[in-house]
Amino acid sequence: MKIRLNSLKEGLQILSYTLKKTELNLTDKYFNSPITIALSINKGSTEISINGEVQTIADLECDRCLSLYQQDLKSLFKIILSQVDLSIMNSDENIIPISPNTSEVDITSPIRDTLILSVPMKKLCRKDCKGLCPKCGVNLNIEKCKCNATSTDPRLEPLKKILTNLMEE
(Lines give C-alpha, C1' and ligand atoms only; values in the text may rest on other atoms or scores of the structure.)
Protein backbone atom coordinates (compact mmCIF):
# COMPACT_ATOMS: atom_id res chain seq x y z
CA MET A 1 0.00 0.00 0.00
CA LYS A 2 1.59 3.20 -1.14
CA ILE A 3 0.89 6.72 0.05
CA ARG A 4 1.53 9.53 -2.40
CA LEU A 5 3.21 12.23 -0.34
CA ASN A 6 2.95 14.97 -2.96
CA SER A 7 -0.87 14.67 -2.89
CA LEU A 8 -1.06 15.20 0.90
CA LYS A 9 -1.96 18.65 2.19
CA GLU A 10 -0.33 20.21 5.27
CA GLY A 11 -2.17 19.33 8.47
CA LEU A 12 -4.42 16.47 9.52
CA GLN A 13 -6.13 14.14 7.05
CA ILE A 14 -8.23 11.04 7.62
CA LEU A 15 -8.13 8.26 5.01
CA SER A 16 -9.61 4.78 4.96
CA TYR A 17 -9.04 1.79 2.71
CA THR A 18 -10.44 -1.70 2.30
CA LEU A 19 -7.92 -4.20 0.98
CA LYS A 20 -7.65 -7.90 0.21
CA LYS A 21 -4.92 -10.05 1.74
CA THR A 22 -3.07 -10.24 -1.58
CA GLU A 23 -2.66 -6.46 -1.61
CA LEU A 24 -0.74 -6.72 1.68
CA ASN A 25 1.28 -9.76 0.52
CA LEU A 26 -0.40 -11.95 3.16
CA THR A 27 -0.33 -15.69 2.56
CA ASP A 28 -1.72 -16.72 5.96
CA LYS A 29 -4.89 -18.80 5.87
CA TYR A 30 -6.43 -16.63 8.62
CA PHE A 31 -7.14 -13.57 6.50
CA ASN A 32 -10.01 -14.25 4.10
CA SER A 33 -12.20 -11.28 5.02
CA PRO A 34 -11.60 -7.76 3.73
CA ILE A 35 -9.03 -5.77 5.72
CA THR A 36 -10.03 -2.25 6.73
CA ILE A 37 -7.32 0.33 7.32
CA ALA A 38 -8.04 3.75 8.83
CA LEU A 39 -5.22 6.30 8.66
CA SER A 40 -4.85 9.60 10.46
CA ILE A 41 -2.07 11.46 8.67
CA ASN A 42 -0.59 14.65 10.07
CA LYS A 43 1.77 16.32 7.58
CA GLY A 44 4.29 18.83 8.83
CA SER A 45 7.17 20.57 7.07
CA THR A 46 9.83 17.90 7.79
CA GLU A 47 7.80 15.06 9.26
CA ILE A 48 4.66 13.11 8.47
CA SER A 49 3.02 11.19 11.31
CA ILE A 50 0.73 8.30 10.40
CA ASN A 51 -1.49 6.74 13.07
CA GLY A 52 -3.37 3.75 11.78
CA GLU A 53 -5.83 1.07 12.75
CA VAL A 54 -6.07 -2.28 10.99
CA GLN A 55 -9.24 -4.31 11.37
CA THR A 56 -10.46 -7.62 9.95
CA ILE A 57 -12.18 -10.88 10.83
CA ALA A 58 -9.79 -13.83 11.08
CA ASP A 59 -10.70 -17.46 10.39
CA LEU A 60 -9.03 -19.39 13.21
CA GLU A 61 -8.89 -22.96 14.53
CA CYS A 62 -9.23 -23.48 18.28
CA ASP A 63 -6.08 -24.91 19.87
CA ARG A 64 -8.12 -27.00 22.33
CA CYS A 65 -11.08 -28.41 20.40
CA LEU A 66 -9.95 -27.84 16.77
CA SER A 67 -13.25 -26.11 15.90
CA LEU A 68 -13.18 -23.38 13.29
CA TYR A 69 -14.31 -19.96 14.49
CA GLN A 70 -14.02 -16.30 13.54
CA GLN A 71 -12.51 -13.56 15.66
CA ASP A 72 -12.40 -9.81 15.17
CA LEU A 73 -8.86 -8.50 15.01
CA LYS A 74 -8.10 -4.85 15.61
CA SER A 75 -4.66 -3.35 16.07
CA LEU A 76 -3.03 0.08 16.08
CA PHE A 77 0.24 1.17 14.50
CA LYS A 78 2.26 4.35 14.13
CA ILE A 79 4.69 5.34 11.39
CA ILE A 80 6.76 8.48 11.20
CA LEU A 81 8.15 9.66 7.88
CA SER A 82 11.03 11.98 8.65
CA GLN A 83 13.45 14.12 6.66
CA VAL A 84 15.71 14.39 9.71
CA ASP A 85 19.01 12.48 9.57
CA LEU A 86 18.50 9.09 11.23
CA SER A 87 22.02 9.02 12.69
CA ILE A 88 20.91 11.82 15.04
CA MET A 89 17.73 10.03 16.06
CA ASN A 90 17.36 6.78 18.01
CA SER A 91 17.04 3.78 15.73
CA ASP A 92 13.33 3.04 15.63
CA GLU A 93 11.71 0.73 13.12
CA ASN A 94 8.62 2.96 13.05
CA ILE A 95 10.62 5.85 11.61
CA ILE A 96 11.05 5.78 7.85
CA PRO A 97 13.60 8.23 6.41
CA ILE A 98 12.49 10.25 3.42
CA SER A 99 14.09 12.95 1.34
CA PRO A 100 12.41 16.20 0.26
CA ASN A 101 12.08 14.64 -3.22
CA THR A 102 10.27 11.47 -2.04
CA SER A 103 6.94 11.29 -3.85
CA GLU A 104 5.50 8.08 -2.39
CA VAL A 105 6.13 5.68 0.48
CA ASP A 106 5.19 2.00 0.71
CA ILE A 107 3.71 1.19 4.13
CA THR A 108 2.65 -2.37 3.26
CA SER A 109 5.23 -4.03 5.50
CA PRO A 110 4.34 -2.23 8.77
CA ILE A 111 0.63 -2.84 8.16
CA ARG A 112 1.21 -6.52 7.38
CA ASP A 113 3.39 -6.94 10.49
CA THR A 114 0.77 -5.26 12.69
CA LEU A 115 -1.94 -7.53 11.35
CA ILE A 116 0.09 -10.72 11.80
CA LEU A 117 1.02 -9.74 15.35
CA SER A 118 -2.65 -9.19 16.21
CA VAL A 119 -3.40 -12.91 15.75
CA PRO A 120 -3.51 -14.41 19.26
CA MET A 121 -0.79 -16.90 20.18
CA LYS A 122 -3.32 -19.12 21.97
CA LYS A 123 -6.36 -19.41 19.75
CA LEU A 124 -9.47 -20.33 21.74
CA CYS A 125 -13.02 -20.47 20.38
CA ARG A 126 -14.16 -19.34 23.85
CA LYS A 127 -12.47 -18.77 27.19
CA ASP A 128 -14.00 -21.85 28.83
CA CYS A 129 -13.31 -24.25 25.94
CA LYS A 130 -13.10 -27.80 27.31
CA GLY A 131 -11.17 -29.21 24.37
CA LEU A 132 -11.14 -32.82 23.20
CA CYS A 133 -11.23 -36.01 25.26
CA PRO A 134 -7.68 -37.43 25.18
CA LYS A 135 -9.03 -40.99 24.82
CA CYS A 136 -11.98 -40.94 22.45
CA GLY A 137 -11.44 -37.52 20.82
CA VAL A 138 -14.99 -36.25 21.34
CA ASN A 139 -15.43 -32.46 21.52
CA LEU A 140 -16.27 -31.89 25.21
CA ASN A 141 -17.98 -28.58 24.40
CA ILE A 142 -20.64 -30.40 22.39
CA GLU A 143 -21.11 -33.70 24.20
CA LYS A 144 -19.95 -35.61 27.23
CA CYS A 145 -17.64 -38.53 26.52
CA LYS A 146 -18.39 -42.04 27.71
CA CYS A 147 -14.80 -42.92 28.59
CA ASN A 148 -13.96 -44.53 31.90
CA ALA A 149 -12.66 -41.57 33.90
CA THR A 150 -11.22 -43.75 36.67
CA SER A 151 -8.76 -45.64 34.47
CA THR A 152 -5.19 -44.36 34.68
CA ASP A 153 -2.26 -44.56 32.36
CA PRO A 154 -0.34 -47.79 33.12
CA ARG A 155 2.93 -45.85 33.06
CA LEU A 156 1.77 -43.99 36.16
CA GLU A 157 1.17 -47.14 38.24
CA PRO A 158 4.58 -46.95 40.02
CA LEU A 159 3.77 -43.40 41.12
CA LYS A 160 0.35 -44.54 42.35
CA LYS A 161 2.06 -47.22 44.52
CA ILE A 162 4.40 -44.63 46.01
CA LEU A 163 1.47 -42.33 46.78
CA THR A 164 -0.47 -45.21 48.39
CA ASN A 165 2.55 -46.13 50.55
CA LEU A 166 2.96 -42.52 51.71
CA MET A 167 -0.70 -42.25 52.65
CA GLU A 168 -0.50 -45.47 54.69
CA GLU A 169 2.42 -44.20 56.78
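Assorted remarks:
- One decimal place: the segment residue 126-residue 165 gains 9.9 nm when fully extended, by the rule 0.36 nm per residue minus the C-alpha distance.
- Rg(Cα)/(2.2 N^0.38 Å) for the chain, N = residue count: 1.67
- A simple charge model with +1 on the Cβ of Lys and Arg, -1 on the Cβ of Asp and Glu and nothing else charged puts the dipole of the stretch 1-66 at about 260 debye relative to its Cα centre.
- The label point for residue 23 and the one for residue 38, both projected 7 Å from the Cα toward the Cβ, are 1.7 nm apart.
- Dividing the radius of gyration of the alpha carbons in the stretch 11-91 by their Kirkwood radius gives 1.13 for Rg/Rh.
- Å² per residue, accessible surface of the stretch 32-112 at 1.4 Å: 55
- Karplus-derived HN-Hα couplings along the stretch 97-112 (A = 6.51, B = -1.76, C = 1.60, θ = phi - 60°), whole Hz, x at Gly and Pro: x, 9, 9, x, 8, 5, 9, 8, 10, 8, 10, 4, 4, x, 5, 4
- Nonpolar atom fraction for the stretch 31-169, defined as the carbon and sulfur part of the 1.4 Å probe accessible area, stands at 54 percent.
The values are calculated or read from the model by the stated rules, or taken from the named source; none is laboratory data. Owing to the predicted nature of the structure, the values given are computational and were not obtained by experimental measurement. All Cβ positions, glycine included, derive from the backbone under ideal geometry; neighbour counts span all protein chains shown. Accessible surface areas use protein heavy atoms only, side chains included; no ligands, DNA or RNA. Shrake-Rupley method; radii C 1.70, N 1.55, O 1.52, S 1.80 Å.
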